[in-house]
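Trainee: I am attaching a structure below and will ask some questions about it afterwards.
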Amino acid sequence: MVKIEDPIKVLSELTGFVQAGNWRSAIDNLVKTWRKAFIVDNLALYLLEGPGLNLNPVYARSLGRGRRSGADASWGENLANKVIDSGKMEHFSPAAPTSGDRISSPFILGLPLKCVDCTGVLTMIRFGGPKFTRKHIQQASIFAEMITNILERKFHQDKIDQLETVRNKTQLQDDFIATISHDLNTPLGFIKGYTSSLLRNDVTWNEETTREFLAIIDDETDRLIGVIHQLLDSARLKDGRMLMKFHPISLGSLTKQVVDRYKTLNKIPEIHFSFDKDIQVEADPVRLSQVFENLFDNAIKYAPGSPIWISLKKQKGMVKIDFKDIGPGINSEDLPFIFERFYRVPGHIDARGSGLGLYICDELIRAHHGNISVSSSQEKGTIFQIKLPISQGDQGAEFLKE
Amino acid sequence: MPNRILVVDDEIRYLRLLEANLLPEGFEISTALNGEEALEKFSNEHFDLVLLDIMMPKMDGFTACQRIRQFSQVPIIMLTAKGSENDKVHGLDSGAGESARCIAPQSTGGRNPGTDVHAR
């Protein structure tokens, strides 16, 4: 089976072959060697750039005589424009020198550079001569060809970089769409499959099986609702369009409500919740509850059978919430990515789950001016830690000043 | 002798769906959650047909297919929710049946995979 390599990858490899190092140092090296056989004091490279097609200097070196004069000395700009206009080699010899000052007698040679993506001029200046002879001009033209080659490489590299950026972006979008499709289609598939099965004319299902199927349909419908909510939340958070209503709430009571709800669900063997004193935080109670619920749901999924410990502690104007389990823990390789959108720990038993839960938690906590972090090990389990600023005053308008 | 079918998929609910729909047709169904389990069952029992999911942990469908092909010419139908051309070719390449059919979960309930099997 013929395998075609990725053209961008191959193009990159080809580019690497031609010459390592960036184009400027390539030209520096060329010029340095060239000067062993050719007299040149100033050398400049102009390119036609931008929508207005301006002739811009992109490279300039002062190498010989006139080095100290710097910007005052000639760089051949006027001649360069002439070369662009005529499309041909141009040269300039100064009128007979009146003073002994070399710098005021620049002999200038301008050579056109043309490649697929660029039009430019290479100017060479000799202060006080010698004059550019025909032979000199021939030799300089060959040199200009080499410069053109290097520039072509530069443009190709730029193009490759641009294409890579576009390709990465497209890849992310493709992945995003693929994940959404999968997460929506999976529960839908089951709902459709089990419903159609129940409706089959050629089979009579007994009551037990009928109930079994209906329970699955019910459960998958809940999952579908959950996925849709998560997708919408994630999209709103990403675009900064989630409306949250903040007011001072009692963190202890809010947490206790969520804890009690999960206690009745009976999916977690023990939930231990403790705090010294109730603490007020500025929060949207629905969204803050959502964060805790998400942590509980994850614990049920990824640390089944493990008890949970939740503690609230005041620490310098912040409240620290620890959410701990003694499950199998999270691999250190996955730990840095766990709050990323769509990140799923690879190869996990539960193939379902869109990887949005912790991303949403992270975004919601940030919106509450707090932060969420995680520490985990195989031996000790996992602790999610949320820090939130403590609310000041009844109005709830002011935040932590420290 | 009823025909025996081995269904391999990492989603329990999908296994149950296929099993429930194939049993009324008079097939004997055995299930496995991944490629490894499938090979284990294969070494102990005889099957007339294998329905094999592609995306599975521990050993994916293509690998499992190749492994089964090493010692058996049993008909194999690959299952995938995606069903791209790439998957089809890969399936044929791994030794699956002459047409690696793609059965998405949505279409299973309505259409009876049993009749497809009969037709072969």
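Trainee: In the stretch B:24-71, what residues are under 14 Å from the mean Cα position of the chain (by Cα) and among the hydroxyl-bearing types (Ser, Thr, Tyr)?
Mentor: Across the stretch B:24-71, the qualifying residues are B:Ser30, B:Thr31, B:Thr63.
Trainee: Here's something else I'd like to know. Are any of the residues in the stretch A:217-227 in a helix (DSSP H, G or I), over 24 Å from B:Met55 (Cβ atoms), at pLDDT below 85 and more than 14 Å from chain B (Cβ to nearest Cβ)?
Mentor: no
Trainee: Restricting to the stretch A:168-216, count the residues that are under 13 Å from B:Arg13 (Cα atoms) and under 39 Å from the mean Cα position of the chain (by Cα).
Mentor: So the count comes out to 7.
Trainee: Now, a different point. Any idea which residue in the stretch A:211-265 is farthest from B:Ala20 (Cα to Cα), counting only those that are free of Cβ contacts under 8 Å to residues at least 12 places away in the same chain and of a type in the set (Asp, Glu)?
Mentor: Top of the filtered list is A:Asp239.
Trainee: Additional query: Does A:Leu254 count as within 14 Å of another protein chain (Cβ to nearest Cβ), in contact with a Pro (Cβ under 7 Å, 6 or more places away or on another chain) and hydrophobic (A, V, I, L, M, F, W, C)?
Mentor: no
Trainee: Identify all residues within the stretch A:14-50 that are at pLDDT 70 or above, within 19 Å of A:Val116 (Cβ to Cβ) and surrounded by fewer than 15 Cβ atoms within 10 Å (Cβ to Cβ); write none if there are none.
Mentor: Of all residues in the stretch A:14-50, those at pLDDT 70 or above come to A:22-50.
This time we only want the ones that are within 19 Å of A:Val116 (Cβ to Cβ), so: A:23, A:26-27, A:45-50.
Across the stretch A:14-50, the qualifying residues are A:Glu49, A:Gly50.
Trainee: Next up: Kindly provide the set of residues from the stretch A:160-180 that are more than 12 Å from chain B (Cβ to nearest Cβ) and without any contact (Cβ under 8 Å) to a residue 12 or more places away in the chain, ordered by number.
Mentor: Result: A:Asp161, A:Gln162, A:Thr165, A:Val166, A:Asn168, A:Lys169, A:Thr170, A:Gln171, A:Leu172, A:Gln173, A:Asp174, A:Ile177.
Trainee: Among the numbered criteria (1) in contact with a Gly (Cβ under 9 Å, 6 or more places away or on another chain); (2) exposed (fewer than 15 other Cβ atoms within 10 Å of the Cβ), which one does A:Lys314 miss?
Mentor: Answer for A:Lys314: the failing condition is (1).
Trainee: Okay, moving on. Being loosely packed, with under 14 Cβ neighbours inside 10 Å and touching a helix residue (DSSP H, G or I) at 6+ places or on another chain (Cβ under 8 Å) is the filter here, so list the residues in the stretch A:213-227 that pass it.
Mentor: Of everything in the stretch A:213-227, just one residue is loosely packed, with under 14 Cβ neighbours inside 10 Å and touching a helix residue (DSSP H, G or I) at 6+ places or on another chain (Cβ under 8 Å), namely A:Leu214.
Trainee: Please enumerate the residues belonging to the stretch A:181-205 that are more than 9 Å from chain B (Cβ to nearest Cβ), crowded, with 17+ Cβ neighbours inside 10 Å and either farther than 18 Å from A:Gly226 by Cβ or in contact with a Leu (Cβ under 6 Å, 6 or more places away or on another chain) (or both).
Mentor: Across the stretch A:181-205, the qualifying residue is only A:Pro187.
Trainee: Then there's this: Any residue that is among the charged types (D, E, K, R) and either part of a helix (DSSP H, G or I) or within 14 Å of chain B (Cβ to nearest Cβ) (or both) - is there at least one of those in the stretch A:269-276? Working first, answer last.
Mentor: Going residue by residue through the stretch A:269-276, those that are among the charged types (D, E, K, R) are A:270, A:276.
So of that shortlist, the ones also either part of a helix (DSSP H, G or I) or within 14 Å of chain B (Cβ to nearest Cβ) (or both) come out as none.
Within the stretch A:269-276 (the criterion being among the charged types (D, E, K, R) and either part of a helix (DSSP H, G or I) or within 14 Å of chain B (Cβ to nearest Cβ) (or both)), the answer is no, since none of the residues qualifies.
The values are calculated or read from the model by the stated rules, or taken from the named source; none is laboratory data. Quick caveat: nothing in here was measured; it's all calculated off a predicted structure. With ideal geometry, Cβ positions are generated from the backbone for all residues, glycine too; neighbour counts draw on all protein chains shown.
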